[in-house]
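*Asks:* There's a structure below that I have some questions on.
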Amino acid sequence: MRWGGIFDVDQKMIQLQEEEIRTQAPDFWEDAKSAEAQMRKVKTLKNWVEGYNQVAAACEELRLAIDFYREDAVSEDEVDQIYVRTQTLVENLEMKNMLSKEEDLMDAVIKIVAGAGGTEAQDWAEMLMRMYQRWCERQGYKCEITNYQPGDDAGIKTVTMQIEGDKAYGYLKSENGVHRLVRVSPYNAQGKRMTSFASVFVAPLIDDSIEIEINPANLSWDTFRSSGAGGQNVNKVETGVRLHYKFTNPVTNTPDEITIENTESRSQFGNKDNALRLLKSQLYELEIEKRRAETAKVEAGKKKIEWGSQIRSYVFDDRRVKDHRTNCQTSNVQAVMDGDIDAFIKAYLMEFSD
């Protein structure tokens, strides 16, 4: 069984050989930024080819299983299991094939902000944080919290996480928008059904190989004492930093301001360095919007955190999670909250990737 016509594997194998040859040049590492970008390109192609080889092997296994079934050597259940595994591998490769834009290959930054509603909304924001942490564990991705502001009584007001893994931004860009929770609140004495909102902002995490201009005259800093998640690692000195950057938004062409807080490091210098990196990531995302004219697709990230702007609803009592952009839904709410969001990601990529 051959999939070359669908996935153009022969061309990718040739491209991989050519890109690997470039890394063998004697002066390859003299330009570190260029070398890092080239190694990223090689890694991406290798991952794709390995994925294709897995699909090819699974298809051959399925073909043999069918032959063995006809000879009563294996059961129908065994053939079904191999079929499901093969189908999953094929669909995963299809998803990788859709993530071909420069930014899709990058790591990601996720910022979650609780909406209006006090403790209930702050608890919901923390539940979303846990959901993405569990998703990262499933993918084998590294997830690092760079800023954490606990809620007044429970949950969180906001959190920023850096996600490192193959095509992290390509997958997680589907999560950009407002997420709505409907449940009987444990914080309501009357046991009423309540609706809460939290916003999720996703940006590609850029590295030094990508040049982003920042005007120092538009930068200002505040410092404060920081603490880690749950109030740990309280500092007696002001190591936390808050960056303010005023600029003209390239999408709306109006004056705008980006504010970033970073409390990850115990040193003020380290926090400033990472805050600048996060600023560059947000500026890069805005340039992507402008260049690709995709403002409408990310409009949910700019709407108020309220009714009518949500991209996905999580209705606990009715055991239903539904994505309003694709109509993809599931009744297994617990699995979703434990990080099983691949079906929503896949449906989004299938409908909106170009």
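The values are calculated or read from the model by the stated rules, or taken from the named source; none is laboratory data. Note that the coordinates shown come from a computational prediction; the quantities given were computed from them, not determined experimentally. Virtual Cβ from ideal backbone geometry, glycine too; neighbours counted across all protein chains shown.
*Asks:* Looking for whichever is at pLDDT 95 or above, surrounded by fewer than 20 Cβ atoms within 10 Å (Cβ to Cβ) and of a type outside the set (A, V, I, L, M) here; the options are E137, E126. Which one fits?
*Replies:* E137
*Asks:* From the list I66, I110, which one is in contact with a helix residue (DSSP H, G or I) (Cβ under 7 Å, 6 or more places away or on another chain), without any contact (Cβ under 8 Å) to a residue 60 or more places away in the chain and not assigned by TED's automatic domain parsing to the domain that holds N262?
*Replies:* I66
*Asks:* Check K33, K111, K96 and return the single one that is among the charged types (D, E, K, R), over 22 Å from I14 (Cα atoms) and buried (at least 18 other Cβ atoms within 10 Å of the Cβ).
*Replies:* Exactly one of K33, K111, K96 is among the charged types (D, E, K, R), over 22 Å from I14 (Cα atoms) and buried (at least 18 other Cβ atoms within 10 Å of the Cβ), namely K111.
*Asks:* When the stretch 115-157 is examined, which residues are found to be touching a Phe, Trp or Tyr at 6+ places or on another chain (Cβ under 7 Å) and either among the aliphatic types (A, V, I, L, M) or outside the structural domain of E175 (by TED's automatic domain parsing) (or both)?
*Replies:* Listed by number, the residues that qualify are A121, I156.
*Asks:* For the stretch 113-196, please list each of the strands (runs of 3 or more DSSP E) lying entirely inside it that holds at least 3 residues being of a type in the set (A, V, I, L, M, F, W, C).
*Replies:* Here the list reads 156-164, 177-184.
*Asks:* Answer yes if at least one residue in the stretch 41-49 is assigned to a loop (DSSP other than H, G, I, E, B) and either surrounded by 15 or more Cβ atoms within 10 Å (Cβ to Cβ) or within 24 Å of the chain's Cα centre (by Cα) (or both), and no otherwise.
*Replies:* Within the stretch 41-49, not a single residue is assigned to a loop (DSSP other than H, G, I, E, B) and either surrounded by 15 or more Cβ atoms within 10 Å (Cβ to Cβ) or within 24 Å of the chain's Cα centre (by Cα) (or both).
*Asks:* Any idea which of (1) in a strand (DSSP E or B); (2) modelled with pLDDT under 95 is the one S209 doesn't satisfy?
*Replies:* (1)
*Asks:* Something else about it: Could you list, in sequence order, the residues of the stretch 151-160 that are out of contact with any Asp or Glu (no Cβ under 9 Å at 6 or more places or on another chain) and surrounded by 12 or more Cβ atoms within 10 Å (Cβ to Cβ)?
*Replies:* Scanning the stretch 151-160 gives a single hit, K157.
*Asks:* For A125, all conditions in the list (1) over 19 Å from A343 (Cα atoms); (2) under 13 Å from the mean Cα position of the chain (by Cα); (3) aliphatic (A, V, I, L, M) hold save one; what is the number of the exception?
*Replies:* Just one mismatch for A125, condition (2).
*Asks:* Check the stretch 164-182 and report whether any residue there is out of contact with any helix residue (DSSP H, G or I) (no Cβ under 7 Å at 6 or more places or on another chain), within 17 Å of G117 (Cα to Cα) and in contact (Cβ under 8 Å) with a residue 40 or more places away in the chain.
*Replies:* Yes - at least one qualifying residue is present in the stretch 164-182.
*Asks:* Next question. For K167, only one of the following conditions fails: (1) within 25 Å of M350 (Cα to Cα); (2) among the basic types (K, R); (3) modelled with pLDDT of 90 or more. What is its number?
*Replies:* Result: K167 fails condition (3) only.
*Asks:* In addition: With the requirement that a residue be closer than 23 Å to K167 by Cβ and either among the charged types (D, E, K, R) or surrounded by 15 or more Cβ atoms within 10 Å (Cβ to Cβ) (or both), what does the stretch 20-30 give you?
*Replies:* E20, R22
*Asks:* When the residues of the stretch 234-266 are filtered to those that are over 27 Å from the mean Cα position of the chain (by Cα) and either surrounded by 11 or more Cβ atoms within 10 Å (Cβ to Cβ) or among the acidic types (D, E) (or both), which remaining residue is modelled with the lowest pLDDT?
*Replies:* Checked the stretch 234-266; the qualifying residue modelled with the lowest pLDDT is N235.
Here's the yes/no breakdown for (1) of a type in the set (A, V, I, L, M, F, W, C); (2) modelled with pLDDT of 85 or more:
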site: V9; (1), (2): yes, no
site: Q17; (1), (2): no, yes
site: V42; (1), (2): yes, yes
site: E50; (1), (2): no, yes
